[in-house]
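For reference, the structure discussed in these notes is given below.
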Amino acid sequence: MRLARAGLHGVFAVYKPPGVAWRTVRNSVETHLLRDLNSFERPAPRRLVRFLPSTVEGKDGKELTMTVTQLPAMADHPLVSGPIFRHLKVGVGQHLDPMSSGVFVLGVGNGNKLLPALHNAHLTRTYTVCGLFGKATDDFSDTGKLIEKATFDHITREQLERIISVIQGSNHKALLQPPPPLSFLPLRHYCLPREHEELKSSQPLSFRNSRAHPRKWSVKQSMGSDEQKPVGRVVLICVSGLAFLAWCVLRRTTDIDRLLEDAMQEDSPEQESQTPPSGQGKP
């Protein structure tokens with residue numbers, strides 16, 4: 001049993017049916033592997049030495065004595081200890097949508113180390129898409145609620161091939177870019193978008209209950225912790241600004257300041273002479 005568990009390593013592929021989540025398939029595979037491992041013959045339970053009281057015939061009749069016996073350890077019984085194997089390290093190569101079906105790559109044991117290399121290899125993948133013209137559903141799937149019908153006689157083979165070529169070009173462009181990590185793969189859920197509760201009512205939006213309220217909004221949430229400046233740099237900038245303002249107030253008057261004051265005084269009488277008095281009427 002232990003040897004079978006130690007040799008269970010590798011990468012394999014299973015078929016994922018449509019309408020089943022990828023996590024359900026992974027848990028089902030793990031359950032079947034654990035069931036097969038626990039179905040092997042268990043080792044014999046340990047034998048424990050016990051001193052049990054017993055009676056023997058003596059000169060004065062029956063005498064009480066202690067005899068040495070070996071009993072099986074009840075802690076090793078299957079009904080007490082339960083199954084030996086309860087968990088297996090089963091990894092997923094790529095997440096599939098709930099409505100999609102096809103090849104689903106899994107790894108067990110040391111095979112999980114090969115999954116990132118298999119994901120970065122850009123292996124060729126073939127997808128078969130089924131669609132129905134003239135109908136639209138609320139979640140863009142064939143199982144959703146029908147919300148619109150239209151004619152499709154105007155759709156030609158040339159138009160369809162043009163759209164398919166655009167999709168194929170975008171996929172080729174994505175192959176040249178570095179792949180995202182496995183933990184950040186996008187998942188598409190077939191569900192309706194959630195609407196905000198405030199948009200359903202005809203009343204004006206409340207600033208107190210919105211996300212822009214100071215109690216809910218902060219610079220850390222909007223800019224992130226990486227954008228925050230260190231405390232020493234902030235203190236240095238503040239001290240430099242205060243020192244510059246103090247120098248502007250306490251510095252001595254120079255010739256440039258006197259020239260500026262004279263220019264300002266010369267401009268003020270000209271402006272007063274150009275503006276007519278408020279009490280003078282028009283001729």
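The values are calculated or read from the model by the stated rules, or taken from the named source; none is laboratory data. Nothing here was measured: the structure is a model prediction, and the numbers come from that model. Using ideal geometry, Cβ is built from the backbone for each residue, glycine included, and neighbour counts are taken over all protein chains shown. What goes into the accessible areas is simple: the full protein's heavy atoms, side chains included, and nothing from ligands, DNA or RNA. Shrake-Rupley method; radii C 1.70, N 1.55, O 1.52, S 1.80 Å.
Counting only heavy atoms of the protein chains, get the accessible area per residue of the range 1-90 (1.4 Å probe) and round it to a whole Å² value.
Per residue, the range 1-90 has 76 Å² of solvent-accessible surface.
Using label points projected 7 Å from each Cα along Cα→Cβ, tell me how many nm separate Lys149 and Val49, to one decimal.
8.8
Among the GluC sites (Glu not before Pro) in the range 1-84, which ones are in a DSSP loop with at most 11 other Cβ atoms within 10 Å of the Cβ? Mind listing them?
Filter output for the range 1-84: Glu41.
What distance in nm separates the simple spin-label points at Ala121 and Thr69, each placed 7 Å from Cα in the Cβ direction?
So the two model labels end up 6.1 nm from each other.
For the range 50-164, just say rounded, prolate or oblate: build the C-alpha gyration tensor, square-root its eigenvalues into a ≥ b ≥ c, call rounded for a/c under 1.5, and beyond that prolate if a/b exceeds b/c, oblate if not.
The shape class here is prolate.
Scaled to the compact-protein estimate 2.2 N^0.38 Å, what is the alpha-carbon radius of gyration of the range 57-100, rounded to two decimal places?
After normalising by residue count via 2.2 N^0.38 Å, the value is 2.99.
Show me the three semi-axes of the equivalent ellipsoid for the range 96-183, from the C-alpha gyration tensor (sqrt of 5 times each eigenvalue), largest first, rounded to whole Å.
One finds semi-axes of 34, 19, 10 Å for the range 96-183.
PRE reach from Met99 (point 7 Å along Cα→Cβ): which of the range 133-170 fall under 20 Å by backbone N?
What the label zone holds, given the 20 Å backbone N cut-off, is 133-152, 164, 167-168.
How high is the FRET efficiency from Ala174 to Val129, r the C-beta distance, R0 25 Å, rounded to 0.05?
Taking R0 as 25 Å, the efficiency between Ala174 and Val129 is 0.90.
Through the Karplus equation 6.51 cos²θ - 1.76 cosθ + 1.60, θ set to phi - 60°, convert the phi angles of the range 58-75 into ³J(HN,Hα) values in whole Hz; use x for Gly and Pro.
Working through the residues one at a time gives x, 5, 9, x, 7, 10, 8, 9, 10, 10, 8, 9, 10, 10, x, 6, 5, 5 Hz.
How many nm is it between the label spots at Arg157 and Arg252, if each spot is 7 Å from the Cα in line with the beta carbon?
Those two pseudo-labels are separated by 9.5 nm.
Relative contact order for the range 1-106: what is it in percent, counting Cα pairs under 8 Å that are at least 6 residues apart?
41
With viscosity set to 1.567 mPa s and temperature to 4 °C, compute the Stokes-Einstein D of the range 1-110, Rh being the Kirkwood radius across alpha carbon pairs; µm²/s, no decimals.
71
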